1. Considering only segment 40-58, state which residues are without any contact (Cβ under 8 Å) to a residue 12 or more places away in the chain and either on the phi > 0 side of the Ramachandran plot or more than 33 Å from the chain's Cα centre (by Cα) (or both).
2. Limited to segment 122-150, what total is found for residues that are in contact (Cβ under 8 Å) with a residue 24 or more places away in the chain and of a type outside the set (A, V, I, L, M, F, W, C)?
3. Any residue in segment 19-34 that is at pLDDT below 80, assigned to a helix (DSSP H, G or I) and within 33 Å of the chain's Cα centre (by Cα)?
4. Condition check: assigned to a loop (DSSP other than H, G, I, E, B), touching a strand residue (DSSP E or B) at 6+ places or on another chain (Cβ under 6 Å) and closer than 13 Å to GLU88 by Cβ. Does VAL103 satisfy that?
5. Looking at segment 73-121, which of the residues that are in contact (Cβ under 8 Å) with a residue 40 or more places away in the chain and exposed (fewer than 14 other Cβ atoms within 10 Å of the Cβ) is nearest to THR136 (Cα to Cα)?
Amino acid sequence: MKEFIESIIMSKDYSLDELETKIKKLYLLGDLTSDEMDYLLSLAADNVDNSSQVDLFEKIVELEHRIVALEGAGYAIWKAGYVTKKGEIVKFDIDGDGEYEFVMYDGGRKETSLSVGRIDGWYKVTSTGTKTHTITKNSDGTFLLEEITE
C-alpha cells in the first residue's frame with residue numbers, strides 16, 4: 001500500500017487534503033504502520049503542486065460575490081425573498097433580457113418582501129431615484145410599465 005501511495009505522490013496529481021485523509025484512514029485500518037503514515041504525510045506535503053490545490057467551493061463563493069458586486073455596482077439585486085425598504089433603489093431585470101434596471105418600492109408600507117410589481121408602489125427609476133415608470137404585473141406574469149409624465 002505504501003508503494004501505491006508513493007506513486008500517487010510522485011505523480012503530483014492529488015489534492016493534499018484528500019490524500020492526507022486517505023493516508024490516515026489507511027493507518028486506522030491497519031494497512032500502514034505509524035512510521036509509514038508519517039513518512040507518506042511528509043512526502044505528500046513536500047511534493048504537493050500548490051497550483052492544483054484549489055478549493056472549488058471557496059472559489060465559487062468568491063466569484064458569486066464578484067458577480068453581484070459588478071452587476072449591482074453598489075445596489076442590491078432583487079431576488080425572491082429580498083426585503084425592500086421604502087425608497088430603496090434595487091436592480092431587477094424587468095423585461096427578462098438579462099440586463100438589470102433600477103427599480104424602487106415607494107408604496108404605503110415601510111418595507112416589502114413582495115415581488116416587483118405585485119403591489120402598488122413599485123417604480124422604474126434612474127440611478128438617482130427619479131421615477132420614470134410605474135410597474136405593475138399582469139396576470140400572465142409580465143410587467144406593465146406606464147410612463148410617468150408631469
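1. SER42, ASP46
2. 6
3. No, segment 19-34 has no match at all.
4. When the stated conditions are applied, VAL103 does not pass them.
5. That would be ASP95.
The values are calculated or read from the model by the stated rules, or taken from the named source; none is laboratory data. This structure is a prediction, so every number in the text was calculated from the model and none was measured. Note: ideal-geometry Cβ built from the backbone for every residue, glycine included; neighbour counts use all protein chains shown.
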